[in-house]
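Worksheet for the structure shown next.
The values are calculated or read from the model by the stated rules, or taken from the named source; none is laboratory data. Owing to the predicted nature of the structure, the values given are computational and were not obtained by experimental measurement. Cβ atoms come from the backbone with ideal geometry, glycine included; neighbour counts cover every protein chain shown. The accessibility values were calculated without ligands, DNA or RNA, using every heavy atom of the protein model including side chains. Shrake-Rupley method; radii C 1.70, N 1.55, O 1.52, S 1.80 Å.
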Amino acid sequence: VSSATGKPGGAVAAELTHPLFDPTNGYLLLPQGTLLEGKIMRAKPARRLARNGQLRFIFTSVELPGELVRTMHGQLTAAEGDPNAHLKLDSEGAAQAQSPKNKYLAPLTVALLATAAQHDDEGGGPQSFLAGGFGLIGRVVVLAARSTPVSSGFAYYGLSRSVYSRLIARGHDVIFPKNTRLEIQVGER
């Protein structure tokens with residue numbers, strides 16, 4: 001399920017991987033292999049200007065192995081997935097991709113170093129380690145050229161890439177790949 005491709009009203013399905021027991025008396029409530037079916041309530045794809053996607057789905061029915069379908073209400077409370085996805089869940093089970101904490105700090109730091117490149121008479125000062133995102137090759141070129149215009153060019157190129165990727169480019173979508181482990185709060189409705 002993805003915020004990029006999901007549409008409100010679209011189907012969502014999950015399978016119970018561990019049996020669910022009643023915490024007070026230990027009775028089996030839902031056996032392993034139980035199917036949960038639901039629908040997407042909100043799917044908002046990521047957009048330009050670093051606006052991230054949103055996704056909310058609920059589970060509306062449960063099918064026990066060998067039995068009829070029963071209505072229920074279930075909502076997402078936790079998800080196990082890629083830590084780089086930076087997902088945040090609200091109290092209603094809606095997931096939203098979060099921007100990195102250094103969204104504004106990183107371009108500001110790069111801007112300060114790019115400005116310092118203009119005032120470097122040697123052409124290989126503190127800004128040379130940036131090398132505009134070209135990695136080792138960029139660092140070698142900046143250090144070998146020992147030229148203020150070359151250092152400034154690489155530094156400002158790095159600044160433009162940082163500003164574009166963090167502030168202008170498309171944000172991140174919410175994606176739950178197949179076999180993602182989810183924690184769902186289940187109740188009768």
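Please pick out the residue among 7, 44 that is in contact with a strand residue (DSSP E or B) (Cβ under 8 Å, 6 or more places away or on another chain), surrounded by fewer than 15 Cβ atoms within 10 Å (Cβ to Cβ) and not aliphatic (A, V, I, L, M). Only one candidate qualifies: 7. In the condition set (1) closer than 17 Å to residue 179 by Cα; (2) among the aliphatic types (A, V, I, L, M); (3) open to solvent by 20 Å² or more (accessible area, probe 1.4 Å); (4) modelled with pLDDT of 85 or more, residue 85 is compliant with all but (4). Of the residues making up the stretch 14-40, those that are among the aliphatic types (A, V, I, L, M) and open to solvent by 80 Å² or more (accessible area, probe 1.4 Å) are 28, 29. Annotation note: of 65, 8, the sole residue that is modelled with pLDDT under 85, in a loop (DSSP other than H, G, I, E, B) and either in contact with a Pro (Cβ under 6 Å, 6 or more places away or on another chain) or not aliphatic (A, V, I, L, M) (or both) is 65. Here residue 1 does not fit the description of being surrounded by 12 or more Cβ atoms within 10 Å (Cβ to Cβ) and over 20 Å from residue 181 (Cβ atoms).
Taken over the stretch 11-49, the residue count meeting the criterion of being closer than 16 Å to residue 76 by Cβ, in a loop (DSSP other than H, G, I, E, B) and among the aliphatic types (A, V, I, L, M) is 1.
Just one of (1) touching a strand residue (DSSP E or B) at 6+ places or on another chain (Cβ under 9 Å); (2) surrounded by 11 or more Cβ atoms within 10 Å (Cβ to Cβ); (3) not aromatic (Phe, Trp, Tyr) fails for residue 50. It is (1).
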